[in-house]
Amino acid sequence: MRGRKGSIPSTGAGFGQRLYTSISDDRPVDIWENEVRSGDTVYVGMSGGVDSSVTAHLLKSRNLNVEAVFMRNWDTRDERGECPSERDWQDVQKVCRKLDIKCHEVNLVKEYWNSVFSIALDEYAKGRTPNPDLLCNKEIKFGVLLSEIQQRLGPRDWFATGHYARSMRIGREAALFRGVDRRKDQSYYLAAVSSRALDRVIFPLGSLIKTSDVRRIARDAGLHNADKEESMGICFVGERRRFDQFLAEYLPQTPGDIFSHDGCHLGRHQGLFSRTIGQTAGISGWQDKWYIYAKETATNRMFAVQNR
């Protein structure tokens, strides 16, 4: 998208603040700070973590009618025979009891499989590297779930999540802006969500800093998960399994060769899905590491370069 010459921002600049000047003369207004009123109803997506829990607390403290929604997207058990989503659901219920708000569980396993997981598998099978989190936000959280919630929303009601991002109003349209905390900014993971979907969405953590603000608020509010570790894994993989080993359970392993840029044979791979561009090639016997820089689907080959 281009406006006047020089209007495309560099990666180091605040994207939203510079972009709006090239498409509109209206000043962006933070929807959470300026449009939400006491007595409005807000459905908040909760995961059991500290971010969504603090989000619910902030909503409740503003005298809003708050109800929590927990999505169950994956129903298999991990290698220890435990179900992480069940523990998360228990954490959600405990926080909701503390805050005295209703909570609902929504089963979207089928929708997640069809709209996220199967599509991601197809991409991995072709040697590409999709991002399931982007698909999940677009198709599930701000797709199927938001559609379900919107059927209940009145003209003054909202949907909130614990993402570190901001929804701003530019004229009559909603726009996605980066979160103030650049270390935690999650606008990238929301980039595929449409402006129309964001119209009644708020991000109460968008102007807060995780380490100095959110953890402190959680402790002051007496939330039991104030110091709960962040979940860094893709939900259907978990945090204790290697991703390539997980994919091997669903995709046929087709070993192939790894070459250097000048044609030197370096080793073998277990399938184009097993390594992504920029990842170490896993080649032993060299002082400097090799990194994958290209894949060739037709020949089932990977290509690597040393150092970086």
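The values are calculated or read from the model by the stated rules, or taken from the named source; none is laboratory data. Because the structure is predicted, anything quoted here is derived from the model rather than measured. Glycine also receives a Cβ, built like all others from the backbone with ideal geometry; neighbour counts cover every protein chain displayed. SASA here: full protein model, heavy atoms, side chains in, ligands and nucleic acids out. Shrake-Rupley method; radii C 1.70, N 1.55, O 1.52, S 1.80 Å.
Tabulated results
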quantity	calculated
Gain on full stretching of the segment that runs from Gln150 to Asn131 - 0.36 nm per residue minus C-alpha separation	4.2 nm
Distance (nanometres) between label positions extended 7 Å along Cα→Cβ at Ile119 and Arg301	3.3
Convex hull volume per residue in cubic angstrom - Cα atoms of the chain	169
Solvent exposure of the chain as accessible area per residue, Å², 1.4 Å probe	54
Three-way shape label, the stretch 120-228, alpha-carbon gyration tensor, a/c 1.5	oblate
Förster radius 35 Å - calculated FRET efficiency between Gln245 and His224, Cβ distance, rounded to 0.05	0.60
Cα gyration tensor shape for the stretch 56-206, rounded if a/c is under 1.5, else prolate or oblate	oblate
Relative contact order (%) - the chain, alpha-carbon pairs under 8 angstrom, separation at least six	16
Between helix 84-99 and the chain: long-axis angle, C-alpha atoms, 0 to 90°, nearest 10	20
Ranked by how many other beta carbons lie within 10 Å on average, peptides 214-223, 53-62, 258-267 from highest	53-62, 214-223, 258-267
Carbon/sulfur fraction of accessible area - the chain, other protein chains in place, 1.4 Å, %	46
Bins of 5 Å, starting at 0 and running to the largest distance - Cα pair percent for the stretch 131-170	6, 18, 24, 28, 18, 5, 1
Candidate aspartates and glutamates for bridging to Lys210, where Cα separation is under 16 Å - those fewer than 8 sequence places away on the same chain excluded	Asp51, Asp181, Asp185, Asp220, Asp227, Glu229, Glu230
Sum of -39500 (n - 2.57) over DSSP H runs of 4+, divided by residues of the chain (222 nm, nearest 500)	-5500 deg cm²/dmol
Along principal axes, Cα extents of the stretch 149-308, largest first, whole Å	63, 36, 30
Cα-based reach from Lys126 at 30 Å (exclusive), listing lysines while leaving out same-chain residues under 8 positions away	Lys110, Lys138, Lys141, Lys289, Lys295
Ranked packing of 300-306, 30-36, most packed first, by mean Cβ within 10 Å	300-306, 30-36
Linear extension gain, Gln90 paired with Tyr293, 0.36 nm per residue minus alpha-carbon span	68.8 nm
